[in-house]
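Input: a single structure, listed below in structure tokens.
The values are calculated or read from the model by the stated rules, or taken from the named source; none is laboratory data. Just so we're clear, the structure is a prediction, and the values are computed from it rather than from any experiment. Neighbour counts run over all protein chains shown; Cβ positions are idealised from the backbone, glycine included. Accessible surface is based on the protein model in full, side chains and every heavy atom, while ligands, DNA and RNA are left aside. Shrake-Rupley method; radii C 1.70, N 1.55, O 1.52, S 1.80 Å.
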Amino acid sequence: MESRLNYFGHPLAGKVLKHLNSANKAVADSTLPPVVQELVKIRASQINGCGFCTDMHTKDAAKAGETAQRLNLVAAWREAKVFTEAERAALELADQGTRIADAAGGVTDAAWAEAAEHFDEEQLIALVSLIAVINAYNRVNVINQQPAGDYQPGQFG
């Protein structure tokens, strides 16, 4: 598989990605736990069929110490017993926030209330922002058919 165009090498894409990367950095620097951030990125990327981001974030999570068992179970997180209640709440919000077009009412009040039980206001803002940002990255990569498999942890800084 080859990408449709050299998106990452084009000056306009560089300008766009600069802003996405800045938003991602703001979330990364927030009080939202890094493990939650990676799980959300992986889950949204799985839902969107973004191999590039799934490859990147599973490798980054593994390098940061995440276990193979948990990484392998992200796709089936509802049935898995290896995630905390806070992680499950974040994954549910990521599922619903990523599948907005599939749900008549968007994100349910129940999903929001569950997330609000585990995360403070800054963390909720970071979580909502992260879901938006990873979905934007996923769409760029899926539309461009960005190949997956060659990512090296820390490759982008």
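A few notes on this one:
- Largest to smallest in accessible area, the residues HIS57, HIS118 fall in the order HIS118, HIS57 (1.4 Å probe, all protein chains included).
- Values of log10 I(q)/I(0) for the range 1-43 across q = 0.20, 0.27, 0.29 Å⁻¹ run -0.77, -0.89, -0.93, by the Debye formula with one identical scatterer at each alpha carbon and no solvent.
- Spherically averaged projected area of the convex hull of Cα atoms, the range 12-116: 7.6 nm².
- Solvent-accessible area of TYR151 with every protein chain in place, 1.4 Å probe, in Å² to the nearest 10: 10 Å²
- Most to least accessible of MET56, MET1 (protein chains only, probe 1.4 Å): MET1, MET56
- Rounded to the nearest 20 debye, dipole of the chain from Cβ charges on Lys, Arg, Asp, Glu: 640 debye
- Placing +1 on the Cβ of every Lys and Arg and -1 on the Cβ of every Asp and Glu, with no other charges, gives the range 47-93 a dipole of roughly 100 debye about its Cα centre.
- PHE8 contributes an accessible area of around 90 Å² to the protein surface, as traced by a 1.4 Å probe with all chains present.
- Under 27 Å between alpha carbons - lysine pairs in the chain that sit 8 or more apart or on different chains: 14
- Across all directions, the shadow cast by the convex hull of the range 63-157 built on its C-alpha atoms averages 7.7 square nanometres.
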